[in-house]
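One structure, as structure tokens, below. Some questions next.
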Amino acid sequence: MSQDFADRIVAARAPRRETKSLIYQHALRLFAERGYARTSLRDIAEAVGLEVPSLYTHIASKQSLLFDLMEFGNSELLARLEAAVAAVPGDRPLDQLYVLVRENVISHCRHRDQTKVVFTEIRELADRQRPRILSLRRSIEDLFRDTIGRAVDAGSAREVDVTVTAFGVLAIGRGAATWYHDDGELTPEDIGDLYAEQVVRGILAPKLAAKWSRPQL
């Protein structure tokens, strides 16, 4: 997990406190490396340099810490995706789909620990916590469904199963996070462009096959 991500959570919830930022930072790293169930509060406390009782000055429980990470991770991803789509005129649904896929891939590549925890540990949340996370996920899914559906309705894309296509496209971003490495030849932007073009060309209406080109960003 990046220090930047931890700092943003703290900034969004309370005045900046370095200790709380470190707790989020190390908790996410440990959850990603070991899994939530195999990470104890003692592990987190030792990583931060605290005694376990001192953690409770900053967090309510390990489960509440996981919830904060998952809520903020999903909310931040949704905000980035919505901003990417909003930056492209609504009468260009294919270009909106392009930037949506691109941003999704870039985000997952840049925040790999976040992706791993946010999308694999929901079963560890309390029943009362789960609906909020599922609601955020549905909002992300709906954004993809809506964008693909508008491209189909406009005649820019072939008739496809919008839901199945949306889920497949979403999986591309999460999948990229499992193999991307910072020291690889391709940047997150390179990978985002490659996948985005493949997705758009894969559903492109035949009449536009020779006309559509990658939008200039």
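Over the stretch 53-134, what is the relative contact order in whole percent, taking alpha-carbon pairs under 8 Å and six or more residues apart?
39
Helix-derived [θ] at 222 nm for the chain: sum -39500 (n - 2.57) over DSSP H runs of at least 4, divide by residue count, nearest 500?
Rounded to the nearest 500, the figure is -22500 deg cm²/dmol.
Further, regarding this structure: Per-residue HN-Hα couplings for the stretch 143-154, Karplus 6.51 cos²θ - 1.76 cosθ + 1.60 at θ = phi - 60°, whole Hz, x for Gly and Pro?
In residue order, the calculated couplings are 5, 5, 4, 5, 5, 5, x, 5, 5, 5, 4, 7 Hz.
Whose amide H sits under 5 Å from the amide H of Leu204, counting only residues 5 or more places off or on another chain, with H placed in the peptide plane?
Under 5 Å from the amide H of Leu204: Arg158.
Next question. Give the order of Thr115, Thr187 when sorted by the count of other beta carbons within 10 angstrom, beginning with the fewest.
So the ranking, lowest neighbour count to highest, is Thr187, Thr115.
Ignoring solvent entirely, what values of log10 I(q)/I(0) come out of the Debye formula for the stretch 54-99 at 0.28 Å⁻¹ when each Cα is a single scatterer?
The calculated log intensity ratios at q = 0.28 Å⁻¹ are -0.92.
Could you tell me how many cubic angstrom of Cα convex hull volume the stretch 73-120 has per residue?
Cα-based convex hull of the stretch 73-120, divided per residue, equals 61 Å³.
Please rank Tyr24, Tyr195, fewest neighbouring Cβ atoms within 10 Å first, as an exposure proxy.
So the ranking, lowest neighbour count to highest, is Tyr195, Tyr24.
Same structure, new question: When the scattering of the stretch 47-170 is computed by the Debye formula from its Cα atoms alone, each counted once and equally, what is log10 I(q)/I(0) at q = 0.10, 0.16, 0.18 Å⁻¹?
Relative scattering, expressed as log10 I(q)/I(0), comes to -0.40, -0.82, -0.96.
Grab the other residues whose beta carbon is less than 12 angstrom from that of Glu82, score K and R as +1, D and E as -1, and report the net.
-3
If R0 is 25 Å, what FRET efficiency do you get for Ala47 and Glu141 from their C-beta distance, rounded to 0.05?
0.15
When a footprinting reagent is the concern and you count Cβ atoms within 10 Å, what order do Glu185, Glu82 take, fewest first?
Sorted ascending by nearby Cβ count, the order is Glu185, Glu82.
Could I ask something else about it? With everything on Cα atoms, drop me the angle between helix 18-34 and the longest principal axis of the chain, reported from 0 to 90° to the nearest 10.
Between the helix axis and the principal axis of the chain, the angle is about 70 degrees.
If you average the sequence gap of Cα pairs under 8 Å that are 6 or more apart and divide by the length of the chain, what percent do you get for the contact order?
Once normalised by length, the contact order is 23 percent.
Continuing with this model, one more query. Given 37 °C and 0.692 mPa s, how large is the Stokes-Einstein diffusion coefficient of the stretch 132-217 in µm²/s, with Rh as the Kirkwood radius over Cα pairs?
Stokes-Einstein gives a translational diffusion coefficient of 229 µm²/s.
Report the semi-axes of the equivalent ellipsoid for the chain in whole Å, largest first, where each axis is √(5λ) for an eigenvalue λ of the Cα gyration tensor.
Taking √(5λ) for each eigenvalue gives 37, 17, 14 Å, largest first.
Any read-out appearing in this document is the output of simple, stated calculations on the displayed coordinates, not a laboratory observation. The structure presented is a predicted model; accordingly, all values stated were derived computationally and were not measured. Heads up, the Cβs are rebuilt from the backbone with ideal geometry, glycines too, and the neighbour counts pull from every protein chain shown.
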